[in-house]
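The values are calculated or read from the model by the stated rules, or taken from the named source; none is laboratory data. Because the structure is predicted, anything quoted here is derived from the model rather than measured. Cβ placement follows ideal geometry from the backbone for every residue including glycine, while neighbour counts extend to all protein chains displayed. Accessible surface is based on the protein model in full, side chains and every heavy atom, while ligands, DNA and RNA are left aside. Shrake-Rupley method; radii C 1.70, N 1.55, O 1.52, S 1.80 Å.
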Amino acid sequence: GIIPFIRSISGITMQQATVPQPVSLVATPEGLMVQWPLDETVVYPWFWLRDHGHDPDTLHPVTQQRQLYTAAVAEDITGTDATLDNDTVSVRWADGGESHFPVAFLARWRDTGYPADPAPERILWDAGVIYREDPVVEHDAVMHTDEGLRDWLEQVLLYGFCRVQGVPTTPEATRQLAERVGYLRETLFGAFWDFTADLARADTAYTNLELRPHTDSTYSHDAPGLQLFHCLAFEGTGGESVLVDGFRIAWELERNDPRAYRTLSRVRVPGQYIGDGARLRAERPVFRHDADGKLVQVSFNNYDRAPFRLPDVEMAEFYRALRAFEDLANDPHYQWRYGLRPGEVLLFDNWRTLHGRAAYTGKRRLAGCYLNREDFESRLRVLGRR
Ligand code: OGA
Ligand code: ZN
């Protein structure tokens, strides 16, 4: 059956709009005990507090870089008392000196954790969903307004891709659009490509053959987070772009073939690039998870898979799982298929969305580039996610 909408939201903790104020501060042997409203009591260990002081000799006020030589702090450093003044908590240390903390900082760290953003909300899609949602923005809005740029990037976060319409059909316009997101990522293809079927590189992209759905750079330890294509010219037949939501396929396998999901999460698949004076190689599982077990990256490129051999039983299970994955990725039920016209750009998440293209005849000219994931994330933070 068709699953209309799958929103995968994990562990979003909303910051309270107003910063709570401490009810009381008590120096205990273990640390500073802060009583927060709603009967919440938090003990901040003394050493952790010393390490996170907001004084200029501990945290540089401009660079926000830690100045403290943490290893020089006594392991048993202890505070004697703490006071609250305006929005600052001051801690006096037993061996002299003071540290200061904004209340908002202590409030932020009432719980343990990492400086994570709210978990990205993804709409996992199949063909039925994505033709209806049709993520698209206008070139001029992206180029001239922060709202337009934010809208574009948020749709990429949500759907794993977003189209741009009305782009002037010049490589300069492609580059300027990409630079709204971040720095172009240089690889052996250069920082910026302008390609056609001329085999200028030892890669199927430089032919007019079909490209089945794949992610790029499985031979790179840090595959580019994003990829941008701009159709500069097309006169011919075929050549439609195909996108597949890799997280949707992962979701499908996890539920209906958990063994395949586990296999693709465990087996490290090597990727390689041989040619153009390079011999690149890297390996990772098709489904890569972070330290908390959350899926963070889907990598799949059957063209660039390097030879490897596992014990027979494991190899057979790997091929079974690969077949399950590829059958889904090549099933039109999971594909967004779209003929890019001159003046249209696709920006997509190369850690989530598989891309491909149909074989074509005639003339087709595409420009594009890779972008780093951290730069994309940074731009979204600076713009302020809604
Ligand atoms: C690529 C690629 C698709 C296309 O260059 O990696 O997948 O539409 N190209 O030409
Ligand atoms: Zn590709």
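Maximal additional length on extending the Leu199-Trp109 stretch stands at 27.0 nm, based on 0.36 nm per residue less the C-alpha distance.
In region 24-111, Rg over Rh equals 0.95, where Rg is the alpha-carbon radius of gyration and Rh the Kirkwood radius from pairwise Cα distances.
Placing +1 on each Lys and Arg Cβ and -1 on each Asp and Glu Cβ, with no other charges, gives region 17-169 a dipole about its Cα centre of roughly 160 debye.
Using Cβ point charges alone (K and R +1, D and E -1), the dipole size of region 249-386 about the Cα centre works out to roughly 440 debye. Charging the Cβ of each Asp and Glu at -1 and of each Lys and Arg at +1, and nothing else, the dipole of the chain about its Cα centre rounds to 1380 debye. Rg then Dmax, both in Å and based on the Cα atoms of region 289-336: 13.4, 37.
Rounded to the nearest 500, what is the chain's calculated 222 nm mean residue ellipticity when only DSSP H runs of at least 4 contribute -39500 (n - 2.57) each, over all residues? Taken over the chain, the calculation gives -7500 deg cm²/dmol.
In this calculation the C-beta distance from Arg66 to Thr18 is compared with R0 = 30 Å, giving a FRET efficiency of 0.60. Here the alpha carbons of region 110-200 define both size measures, Rg and Dmax, at 16.7, 59 Å.
Hydrodynamic estimate: the Kirkwood radius of the chain over Cα pairs, inserted into Stokes-Einstein at 25 °C and 0.890 mPa s, corresponds to D of 103 µm²/s.
Under a 5 Å amide H cut-off, with hydrogens placed 1.01 Å from N, Leu310 pairs with Met315 among residues at least 5 apart or on other chains. Evaluated at q = 0.13, 0.16 Å⁻¹, a Debye calculation over the C-alpha positions of region 227-356 (equal weights, vacuum) places log10 I(q)/I(0) at -0.63, -0.91. Label positions at Tyr319 and Gln176, each projected 7 Å from the Cα along the C-beta direction, are separated by 5.3 nm. If a spin label sat at a point 7 angstrom from the Cα of Ile274 along the line to its beta carbon, the backbone N atoms of region 171-204 nearer than 14 Å would be those of 202-203.
Only Cα sites of region 75-152 enter the Debye sum here, all with the same form factor; the resulting log10 I(q)/I(0) across q = 0.16, 0.17, 0.20 1/Å is -0.81, -0.86, -1.01, listed in q order.
Relative protection proxy for 120-127, 211-218, 253-260, from highest mean packing down: 211-218, 120-127, 253-260 (other beta-carbon atoms within 10 angstrom). Counting only protein chain heavy atoms and rolling a 1.4 Å probe, the accessible areas of Met315, Met33 rank, largest first, as Met33, Met315.
Rolled with a 1.4 Å probe across the full set of protein chains, the surface gives Trp46 an accessible area near 10 Å².
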